[in-house]
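Colleague: One structure is given below, represented as C-alpha cells, and several questions about it will come after.
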Amino acid sequence: MASIATSGRSLSRADQWLGAADSALRTLAASTPGAASKPTPARTLPPLTQAEQQLSGALMRVNHVGEVCAQALYQAQALTARDPALRAHCEAAAREEADHLSWTHQRLVELQAHRSLLNPLWYAGAFGIGWVAGLAGDRISLGFIVETERQVEAHLAGHNEQLPAADDASRAIVQQMKDDEARHADDARHAGGVALPWPVRTAMRLAARVMTATAHRI
C-alpha cells in the first residue's frame with residue numbers, strides 16, 4: 001500500500017508526504033474565494049442586520065474550522081491507508097471537502113468575519129487523530145469516517161436552525177455540506193466501516209464541543 005496510482009504512475013511515499021504538506025499549506029493559507037471546483041450554493045446575498053451578520057459569521061467560522069479539520073483527517077487517513085480503495089475514497093472526499101472549505105471561506109469574507117486564529121492548531125490536532133485512526137486499521141479508519149461525518153451532519157443541522165432566518169446564503173451552503181457529509185458517511189459504512197466503541201464516540205463529541213465553542217469566538 002506504499003503507492004498511489006495517479007496519472008498512470010505510482011507516487012512514492014516522499015511524493016505522498018509532499019502532497020500532504022502542500023494540502024496543509026493550501027488549507028491554512030488565505031486562499032482566494034472562488035477556488036472551488038464547484039460554485040458556491042449561495043445564489044443571493046441577503047441584507048442582514050449587524051447582529052445577524054455577527055451570528056452568521058461566528059457560525060460560518062466554526063464550519064470553516066470543521067473543513068480545515070476535514071482536510072487534515074482525510075490527508076492523514078490517506079497516508080496510513082493499506083487498501084488503495086480506501087486511499088482513493090479519502091482523496092476523493094478531501095477534494096469535495098476542499099469545495100466546502102472554499103465556500104465557507106468565501107462566505108466569511110462576505111460577512112466580514114475572520115477565520116479562526118487557531119487554524120494551525122486545529123489542523124495539527126485533526127491530522128494526529130486521523131493518523132491514529134488510520135494506523136488502527138482500514139475498517140476502523142472507515143468507521144471513524146462514518147462517526148465523524150454523522151456528528152458533522154448533526155452539527156450542520158443545528159446550524160441550519162441557528163442561522164438568522166434572513167441568511168439564505170449561509171443556509172444554502174450548510175445544507176449542501178450536510179448532504180455531502182451524509183453521503184461520505186454512507187459510502188464509508190458500505191465500504192466496511194465498523195462501529196466505534198462508545199467511549200471513542202463520546203470523546204469525539206467532547207472534542208468537537210471544545211472546538212466549536214472556541215472557534216465561535218476565536
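Read-outs: derived from the displayed coordinates by stated rules, not from any lab. Keep in mind that this is a model prediction, so the values were computed, not measured. Virtual Cβ from ideal backbone geometry, glycine too; neighbours counted across all protein chains shown.
Colleague: Quick one: grab the alpha carbon gyration tensor of segment 155-202, order the square roots of its eigenvalues as a ≥ b ≥ c, and give me rounded if a/c is under 1.5, else prolate or oblate depending on whether a/b is larger than b/c.
Modeller: Oblate, because a/c is 1.5 or more while a/b does not exceed b/c.
Colleague: Based on the alpha-carbon gyration tensor of segment 41-147, what equivalent-ellipsoid semi-axes (square roots of 5 times the eigenvalues) come out, in whole Å, largest first? Write out the running numbers ahead of the final one.
Modeller: Details: eigenvalues 199, 39, 18 Å².
Those come to 32, 14, 9 Å.
Colleague: What's the extension gain from LEU118 to ASN160 if we count 0.36 nm per residue and subtract their Cα-Cα distance?
Modeller: Taking 0.36 nm per residue and subtracting the Cα distance, the gain is 12.7 nm.
Colleague: Here's a follow-up. Can you give the extra length, in nm with one decimal, that the chain gains between ILE218 and HIS190 once fully stretched, where that is 0.36 nm per residue apart less the Cα-Cα distance?
Modeller: The span from ILE218 to HIS190 would gain 6.4 nm if fully extended.
Colleague: Cut-off is 10 Å between beta-carbons; in what order do VAL65, VAL200 appear when sorted fewest neighbours first?
Modeller: Lowest to highest Cβ neighbour count: VAL200, VAL65.
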